[in-house]
Amino acid sequence: MPRLHLVELEDLPWFPAPVRDAGTGYLQFMIHAGDAYAPAIPLLAQAVRRSGATRLVDLCSGGGGPWRRLKGELAAAGLDLPILLTDKFPNPGAADAIHGNRAMDGVTFHPTPVDARHVPATIGGFRTMFTAFHHFRMLLAPFIVLLLMPWVRPFRLSNLLVTYLIPLVPLMILWDGIVSALRTYDVRELQSLVDAVKGGERFHWDLGELPAKGPIPITYLIGTPRT
Ligand SMILES: C[S@@+](CC[C@H](N)C(=O)[O-])C[C@H]1O[C@@H](n2cnc3c(N)ncnc32)[C@H](O)[C@@H]1O
């Protein structure tokens, strides 16, 4: 089936921030609970070392994505670098929770919007993006949101209001999950993107699929400048 580039609700500028933040908070919770990206640590560590970077800059960070686990896992692999989280629609509640968590020392959330398509030159570092976590059984997803939202941190009353009183978050997770699955690039499509990058020969590219903890593999694309 060809890729379909439909619109995800969380990407719409007018989408209400409390609903977006509850949704990305829920994603962060699920990724953390499943330690979804642990299998990517060796590849990530190798690429960061190869690049010589002294800071990681995560794009499209949402509620923090996998970093509550990856930070310690990367440190255990010998890479204890500062990490800057960024998003086009920064989530202040998630930022406060990260800045107040001692286990997240060295992780900061950029307070102003950063568009992944136009990252300012002043924000230097090895760039990461974790966005493809949308493949659990979609039709069950709204019920899982209803079940788990009270445990999503930081706890906010608005999370409960937009989940139980007006069930916008379960609907958003269902819609964005389906759309994300349709938008996800497979390895062949990523290769075509890489082939079309101007000056791409100046980078070392590594792309493929890694077995994940769940049934869906992790698709990765890593580019590091050739020295
Ligand atoms: C599916 S969430 C992923 C969040 C996080 N990476 C994770 O793994 O949980 C996608 C995030 O991308 C952000 N986003 C969408 N378009 C963006 C853009 N052009 N630049 C930066 N962030 C963007 C959204 O605000 C949202 O927080």
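No value in this document is a laboratory result; all are computed from the given coordinates. A quick note: this is a predicted structure, and the numbers were derived from the prediction, not measured. Heads up, the Cβs are rebuilt from the backbone with ideal geometry, glycines too, and the neighbour counts pull from every protein chain shown.
Using the Cβ-Cβ distance between Asp195 and Ala45 with R0 set to 22 Å, the FRET efficiency works out to roughly 0.25.
Taking only the Cα atoms of segment 98-183, the ratio Rg/Rh comes out at 1.03, with Rh defined as the Kirkwood radius. Evaluated on the chain, the Kirkwood hydrodynamic radius is 18.3 Å, with distances taken between all distinct Cα atoms.
Which order do the peptides 117-123, 204-210 come out in when sorted by mean C-beta neighbours inside 10 angstrom, highest first? Write down the numbers at each step before the final one.
Working: 117-123: 8.9, 204-210: 14.3.
Highest-to-lowest ranking by the protection proxy: 204-210, 117-123.
Per-peptide packing, taken as the mean over residues of other Cβ atoms within 10 Å, places 184-192, 80-88, 168-176 in the sequence 168-176, 80-88, 184-192 from highest down. Simple spin-label estimate for Arg117 and Leu221 gives 1.5 nm between the two label positions (7 Å along the Cα-to-Cβ direction from each Cα). Quote the FRET efficiency, to the nearest 0.05, computed for Ala17 versus Leu148 with a Förster distance R0 of 22 Å and r equal to the Cβ-Cβ distance. After rounding to 0.05, the efficiency reads 0.60. In this label model, Trp205 and His5 are separated by 1.7 nm, measuring between points 7 Å along each Cα→Cβ vector. Which residues in segment 14-49 have a backbone N closer than 19 Å to a point placed 7 Å from the Cα of Ala103 along the Cα-to-Cβ line? Only 25-41 pass the distance filter. The DSSP beta bridges internal to the chain are antiparallel in roughly 45% of cases.
Please label the shape of segment 1-133 as rounded, prolate or oblate, based on the square roots a ≥ b ≥ c of the eigenvalues of the alpha-carbon gyration tensor (a/c under 1.5 means rounded; beyond that, a/b larger than b/c means prolate, else oblate). Present the calculation step by step, with values, prior to reporting the outcome.
On the way: a/c = 1.44, a/b = 1.36, b/c = 1.06.
Rounded shape, in that the Cα axes give a/c under 1.5.
Please state the shape class of segment 170-220: rounded when a/c is under 1.5, otherwise prolate if a/b exceeds b/c and oblate if not, all from the C-alpha gyration tensor. Oblate, because a/c is 1.5 or more while a/b does not exceed b/c.
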